[in-house]
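Participant: What follows is a structure written as structure tokens; I'll ask about it next.
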Amino acid sequence: MEQNSKQFLKLIENLDAKIGIIGLGQVGLPTALSFSKVGFDVIGHDVNKKLLEQLENGTTPFEEEGLLDLLNSCRQKNKFFTESSFEKIIQKCDVMIICVPTPLTDSIRPDLSALENVCNSLSEFSLKNKLVIIESSIPPGTFEELVLKSLNAKNCVGVDCWATFVPERLAPGQALSEILTTSRIIGYNDEQSGNLARALYSKMITGEIFVTPVRVAEISKLVENTYRDVNIALANEVSIICEMYGIDFKELQRVCNTHPRVNLHNAGPGVGGPCLPKDSYLLLNPHGKKTIDSKIIQYARKINDSMPQHVVDLVRKGLKSHNKSLSDSKIGIWGVSYKANISDTRLSPAKEIIAKLKNEGAEVSVYDPKTNESFGGKRTSDMWDAISGNDALVVVTDHDEFKKADLSKIKENLRLPIIVDTRRIFDNKFVESLGISYLAIGYPSKTK
Ligand code: SAJ
């Protein structure tokens, strides 16, 4: 074994280890291309054959800064290929990095079926002298009780092959830059596996690498996102308190954040995306065990989930001040992706906001420069079409294009001068000076 691991280390050191990436989504594809960029031969596999075709044709399935260029340069250098056969990718590769989704079921329990399928498929083959790495976020206990159990069916992890958990830390929108600089956590069950994974990632990243027991690594990933979710919930809760006191949350945040140990997050229309709304549930659902009760974490989720309703209430308030009701209104929405300048709409608060507005009888038009999704609203081809003749503009996503919008033109296009700015992209004083009713989360609106 010692000898084998030394030889494997050499493969990594010389960039001769062939890397297979299973799951080419928002984590897998940037990971594949980043390893390929530093000189490894990388082969990507996904159950979605259309996606593989797309990549072979030199197009990317989602928008990510620099991704398309990187795909094409890796392909030109013959450093990135796709492979639709699971068996072939295992035969060809020394390292297998698993980046499949671990979403929630409808009953808000971890859905590990994709990971389970991959591990079961892997376990049918000899993994001799191969390193398996799990990057997917997983409930605590999953690595030992699902991954290792499965791989050990025909192999002996730590003896004739290796396995580690290296949680992904990619933020959509800055995935390719952050993957290089962000520190990585390597969760090990046996030390040799941990050391090999450290050697591999140190070839790609400039950030620090921390090796820690696998259970710590599993929980650390989930706590990072829970930390952010709870902090955003605090900001959202404080913003509602600001409305009660009649002060501006933005000003409060500016002042509080001058304290060296305070970082009040941004209040907003809710928390979306594939990670934050999910990871605290993974944290509280240990693999094969009963759900853990945590008041602060569960309550944070409730607060963040309640924000779309608050946005709808602000729209209602704005309309009421102009003697209009939601039921006969026309509302224009700018932005449906879950955060600025990306095309990802997964679990975006826009979905709830649009559904609630429509439920109340409003007609909803939608424009987003990054995606064709409109969540049941009428999709328009430009930002002005989305508000022309409408009663209010609701900014849901803070895309750069919206920040530059001409406010006088907004007023000219709208039937009633109402802006609900859920991301605080506009200067409230300037908006109000134009005679527009300005409403925002945590803002003492002049609109009564
Ligand atoms: N949001 C707020 N207020 C804030 C910050 C964010 O309302 O102050 C909202 C955003 O608008 C968005 C949601 O939260 O709807 C999530 O956005 P995000 O930028 O906080 O996070 P993600 O989901 O894009 O990426 C997170 C990151 N985790 C942390 O910052 C701890 C990223 O580094 C992880 O790699 C990623 O989850 C992941 O894949 O787990």
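The values are calculated or read from the model by the stated rules, or taken from the named source; none is laboratory data. Since the model is a prediction, treat every value here as computed from it, not as a measurement. For neighbour counting, all protein chains shown are included, and Cβ atoms are generated from backbone atoms with ideal geometry for every residue, glycine included.
Participant: Within region 98-105, does at least one residue satisfy the condition of being without any contact (Cβ under 8 Å) to a residue 40 or more places away in the chain, away from the ligand (no atom under 15 Å from the Cβ) and crowded, with 18+ Cβ neighbours inside 10 Å?
Facilitator: no
Participant: Please enumerate the residues belonging to region 224-251 that are under 22 Å from Phe426 (Cβ atoms), without any contact (Cβ under 8 Å) to a residue 40 or more places away in the chain and surrounded by fewer than 18 Cβ atoms within 10 Å (Cβ to Cβ).
Facilitator: Glu251
Participant: More than 16 Å from the ligand (Cβ to nearest atom), at pLDDT 95 or above and in a loop (DSSP other than H, G, I, E, B): does that describe Thr206? Walk me through how you get there before you give the answer.
Facilitator: Values: more than 16 Å from the ligand (Cβ to nearest atom): yes; at pLDDT 95 or above: yes; in a loop (DSSP other than H, G, I, E, B): yes.
Yes; evaluated as a whole, the condition is true for this residue.
Participant: Among the residues of region 377-387, are any surrounded by 17 or more Cβ atoms within 10 Å (Cβ to Cβ) and closer than 22 Å to Ser445 by Cα?
Facilitator: Yes, some residue in region 377-387 is surrounded by 17 or more Cβ atoms within 10 Å (Cβ to Cβ) and closer than 22 Å to Ser445 by Cα.
Participant: Suppose we filter region 129-154 for residues that are basic (Lys, Arg) and modelled with pLDDT under 95; how many remain?
Facilitator: From region 129-154, those basic (Lys, Arg) are 130, 149, 154; that's our starting set.
Narrowing further to those that are modelled with pLDDT under 95: 154.
Here the count works out to 1.
Participant: Ok, one more. Just to be sure, is Arg261 charged (D, E, K, R) and free of Cβ contacts under 8 Å to residues at least 12 places away in the same chain?
Facilitator: yes
Participant: Take Ser121 and decide whether it is of a type in the set (S, T, N, Q) and assigned to a loop (DSSP other than H, G, I, E, B).
Facilitator: Values: of a type in the set (S, T, N, Q): yes; assigned to a loop (DSSP other than H, G, I, E, B): no.
Considered against the rule, which asks whether it is of a type in the set (S, T, N, Q) and assigned to a loop (DSSP other than H, G, I, E, B), Ser121 comes out as no.
Participant: Moving on. Determine whether Asn78 is assigned by TED's automatic domain parsing to the domain that holds Val157, closer than 28 Å to Leu347 by Cα and either at pLDDT below 95 or away from the ligand (no atom under 16 Å from the Cβ) (or both).
Facilitator: Taking the combined requirement at face value, the residue does not satisfy it.
Participant: Take the residues in region 163-198 that are touching a residue at least 40 places away in the same chain (Cβ under 8 Å) and more than 16 Å from the ligand (Cβ to nearest atom); name whichever of them is farthest from the chain's Cα centre (by Cα).
Facilitator: Looking at the filtered set, the residue picked out is Gln192.
Participant: While we're here: Have a look at Glu83, Glu124, Glu87 and point out the one that is in contact (Cβ under 8 Å) with a residue 60 or more places away in the chain and on the phi < 0 side of the Ramachandran plot.
Facilitator: Numbers: Glu124 fails: in contact (Cβ under 8 Å) with a residue 60 or more places away in the chain; Glu87 fails: in contact (Cβ under 8 Å) with a residue 60 or more places away in the chain.
Being in contact (Cβ under 8 Å) with a residue 60 or more places away in the chain and on the phi < 0 side of the Ramachandran plot holds for just one of Glu83, Glu124, Glu87, which is Glu83.
Participant: If you go through region 104-118 one residue at a time, how many are assigned to a loop (DSSP other than H, G, I, E, B), out of contact with any strand residue (DSSP E or B) (no Cβ under 8 Å at 6 or more places or on another chain) and on the phi < 0 side of the Ramachandran plot?
Facilitator: So the answer is 5.
Participant: Within region 235-256, work out how many residues are within 16 Å of the ligand (Cβ to nearest atom) and among the hydroxyl-bearing types (Ser, Thr, Tyr).
Facilitator: 1
Participant: Right, next: Does Asp382 meet the test of being assigned to a loop (DSSP other than H, G, I, E, B), among the acidic types (Asp, Glu), within 16 Å of the ligand (Cβ to nearest atom) and on the phi < 0 side of the Ramachandran plot? Can you show your working first?
Facilitator: Values: assigned to a loop (DSSP other than H, G, I, E, B): yes; among the acidic types (Asp, Glu): yes; within 16 Å of the ligand (Cβ to nearest atom): no; on the phi < 0 side of the Ramachandran plot: yes.
Answer is no for this residue.
Participant: Give all pairs with beta carbons closer than 6 Å in which a residue from region 395-418 that is part of a helix (DSSP H, G or I) meets a residue that is hydrophobic (A, V, I, L, M, F, W, C) and surrounded by fewer than 18 Cβ atoms within 10 Å (Cβ to Cβ); count only pairs at least 6 apart in sequence or on separate chains.
Facilitator: As it stands, the answer is Leu407/Leu434; Lys411/Leu434; Asn413/Trp384, since those pairs meet every condition given.
Participant: Which of the residues that make up region 336-370 are out of contact with any Gly (no Cβ under 9 Å at 6 or more places or on another chain) and modelled with pLDDT of 95 or more?
Facilitator: Lys356, Asn359, Glu360, Gly361, Ala362
Participant: If you don't mind, there's one more thing I want to ask. Quick test of your reading of the structure: Asn372 fulfils all but one of (1) within 16 Å of the ligand (Cβ to nearest atom); (2) surrounded by fewer than 21 Cβ atoms within 10 Å (Cβ to Cβ). Name the failing condition by number.
Facilitator: Only one criterion in (1) within 16 Å of the ligand (Cβ to nearest atom); (2) surrounded by fewer than 21 Cβ atoms within 10 Å (Cβ to Cβ) is unmet by Asn372, namely (1).
Participant: I've got another one for you. Of everything in region 295-339, what is within 22 Å of Ile425 (Cβ to Cβ), basic (Lys, Arg) and in a helix (DSSP H, G or I)? Give them in sequence order.
Facilitator: Residues satisfying the conditions are Arg316, Lys317.
Every residue, every condition in (1) assigned to a loop (DSSP other than H, G, I, E, B); (2) of a type in the set (S, T, N, Q); (3) in contact with a His (Cβ under 9 Å, 6 or more places away or on another chain), yes or no:
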residue: Asn4; (1), (2), (3): no, yes, no
residue: Ile21; (1), (2), (3): no, no, yes
residue: Phe40; (1), (2), (3): yes, no, no
residue: Leu51; (1), (2), (3): no, no, no
residue: Leu55; (1), (2), (3): no, no, no
residue: Leu68; (1), (2), (3): no, no, no
residue: Cys74; (1), (2), (3): no, no, no
residue: Pro101; (1), (2), (3): yes, no, no
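Participant: Testing Ile185 on (1) part of a helix (DSSP H, G or I); (2) out of contact with any Cys (no Cβ under 9 Å at 6 or more places or on another chain); (3) over 21 Å from Leu11 (Cα atoms), one condition comes back false. Which one is that?
Facilitator: So Ile185 meets the others, but not (1).
Participant: Does region 344-368 hold any residues that are among the small types (Gly, Ala, Ser) and within 11 Å of the ligand (Cβ to nearest atom), and which are they?
Facilitator: Once the filter is applied, which keeps residues that are among the small types (Gly, Ala, Ser) and within 11 Å of the ligand (Cβ to nearest atom), region 344-368 yields Ser348, Ala350.
Participant: Within region 261-304, how many residues turn out to be among the charged types (D, E, K, R) and either surrounded by 18 or more Cβ atoms within 10 Å (Cβ to Cβ) or within 12 Å of the ligand (Cβ to nearest atom) (or both)?
Facilitator: Looking only at that region, the number is 3.
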